[in-house]
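Chemist: Pasting in a structure now, in structure tokens, and then I'll have a few things to ask.
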Amino acid sequence: MALLEIQDQQISVYQGDIDQLEESDENCNFPYKIINIVALGILKLDGDEKIDFSDVEKRIEVKRLNRFPCVMFKIDNVSIILFRNGKLIITGIKKQKKIPDIKEKIIDRLAKAEIKFTEFKIKIQNLVVMSQLKRLINLEMACLTLTNCLYEPEQFPAAIVKPPTGGTFLIFSNSKIIGLGMKDIKMVKNSLRSLIQNIFDYDLFIDVHAFDNQDDFSDDDSDFFL
């Protein structure tokens, strides 16, 4: 366990499950982990041909999506949406190191569907991260002090923040933070570090001990903080 010093305060934090993060990187000592990777796959099809979904359905199990010219199938709880032009949207990957394995399984599935292509590339489009400070946050005050912050509790139970460093963050009063729209680890570290720094700088916590008395706090990710 490492300590992150902010002004005159010290908080206990844990390093997240990020494959590219070095254990010696002392500048990343705040809690975060990737909970989803959204990637774009591009197939270079033979000639100018488009994928015929009627033929695909005869060979592999797929699901048609209403109002969208695409089909979806799943591999190891990862969802793959395939378009006629050979583009794929891949969601549900938890760790970046799993991408090569998923790619090989997608290639096998496409071979069964008899889809012919000469090249297959995958590029990360969006990293979804989760962080938790384990202290109750005053969202009304956050909306007044943080840049580009919107909080409408009657519409959504979280404050929505778009920091200048990139990405969009959802801050919940129970201290859970969800980050969206970041394309690489560098952006994740810079944006999340900046946001956490601002939360401490503006002292947006309600009560340092209040968190321990919250019986309704979801503990689904408790293993992350072990």
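The values are calculated or read from the model by the stated rules, or taken from the named source; none is laboratory data. Please read these numbers as outputs of a predicted model, since none were measured by experiment. Every residue, glycine among them, receives a Cβ derived from its backbone with ideal geometry; neighbour counts consider all protein chains shown. Ligands, DNA and RNA are stripped out before the accessible areas are found, and what is left, the full protein with its side chains, is counted by its heavy atoms. Shrake-Rupley method; radii C 1.70, N 1.55, O 1.52, S 1.80 Å.
Chemist: Would you say GLU5 is exposed (fewer than 13 other Cβ atoms within 10 Å of the Cβ), assigned to a strand (DSSP E or B) and modelled with pLDDT under 95? So that I can check it myself, show each step before the final result.
Modeler: Working: exposed (fewer than 13 other Cβ atoms within 10 Å of the Cβ): yes; assigned to a strand (DSSP E or B): yes; modelled with pLDDT under 95: yes.
Yes, satisfied.
Chemist: Scanning the range 157-208 for residues that are over 16 Å from the mean Cα position of the chain (by Cα), open to solvent by 30 Å² or more (accessible area, probe 1.4 Å) and of a type in the set (Ser, Thr, Tyr), which turns out nearest to ASN126 (Cα to Cα)?
Modeler: Among those residues, the one meeting the criterion is THR165.
Chemist: So, one more: For ILE90, state whether it is within 21 Å of the chain's Cα centre (by Cα), at pLDDT 95 or above, part of a strand (DSSP E or B) and among the hydrophobic types (A, V, I, L, M, F, W, C).
Modeler: Values: within 21 Å of the chain's Cα centre (by Cα): yes; at pLDDT 95 or above: yes; part of a strand (DSSP E or B): yes; among the hydrophobic types (A, V, I, L, M, F, W, C): yes.
Considered against the rule, which asks whether it is within 21 Å of the chain's Cα centre (by Cα), at pLDDT 95 or above, part of a strand (DSSP E or B) and among the hydrophobic types (A, V, I, L, M, F, W, C), ILE90 comes out as yes.
Chemist: For the structure I just gave you, tell me whether ALA111 is under 22 Å from TYR32 (Cβ atoms), of a type in the set (Gly, Ala, Ser), open to solvent by less than 80 Å² (accessible area, probe 1.4 Å) and assigned to a helix (DSSP H, G or I). Break it down stepwise before answering.
Modeler: Details: under 22 Å from TYR32 (Cβ atoms): no; of a type in the set (Gly, Ala, Ser): yes; open to solvent by less than 80 Å² (accessible area, probe 1.4 Å): yes; assigned to a helix (DSSP H, G or I): yes.
For ALA111, the condition - under 22 Å from TYR32 (Cβ atoms), of a type in the set (Gly, Ala, Ser), open to solvent by less than 80 Å² (accessible area, probe 1.4 Å) and assigned to a helix (DSSP H, G or I) - is not met.
Chemist: Any residue at all in the range 89-106 that is in contact with a Cys (Cβ under 9 Å, 6 or more places away or on another chain) and open to solvent by less than 90 Å² (accessible area, probe 1.4 Å)?
Modeler: Within the range 89-106, the subset in contact with a Cys (Cβ under 9 Å, 6 or more places away or on another chain) is 89.
Still in the list and also open to solvent by less than 90 Å² (accessible area, probe 1.4 Å): 89.
Checking the range 89-106: at least one residue is in contact with a Cys (Cβ under 9 Å, 6 or more places away or on another chain) and open to solvent by less than 90 Å² (accessible area, probe 1.4 Å).
Chemist: What are the residues in the range 114-147 that are in contact with a Phe, Trp or Tyr (Cβ under 6 Å, 6 or more places away or on another chain), of a type outside the set (A, V, I, L, M, F, W, C) and crowded, with 18+ Cβ neighbours inside 10 Å, if any?
Modeler: SER131, ARG135
Chemist: Within the range 139-146, is even one residue part of a helix (DSSP H, G or I), at pLDDT 95 or above and touching a Ser or Thr at 6+ places or on another chain (Cβ under 6 Å)?
Modeler: For the range 139-146, residues part of a helix (DSSP H, G or I), at pLDDT 95 or above and touching a Ser or Thr at 6+ places or on another chain (Cβ under 6 Å): present.
Chemist: (1) part of a strand (DSSP E or B); (2) out of contact with any helix residue (DSSP H, G or I) (no Cβ under 9 Å at 6 or more places or on another chain); (3) not basic (Lys, Arg): which one isn't true of ALA39, the others all being true?
Modeler: Of (1) part of a strand (DSSP E or B); (2) out of contact with any helix residue (DSSP H, G or I) (no Cβ under 9 Å at 6 or more places or on another chain); (3) not basic (Lys, Arg), only one is false for ALA39: (2).
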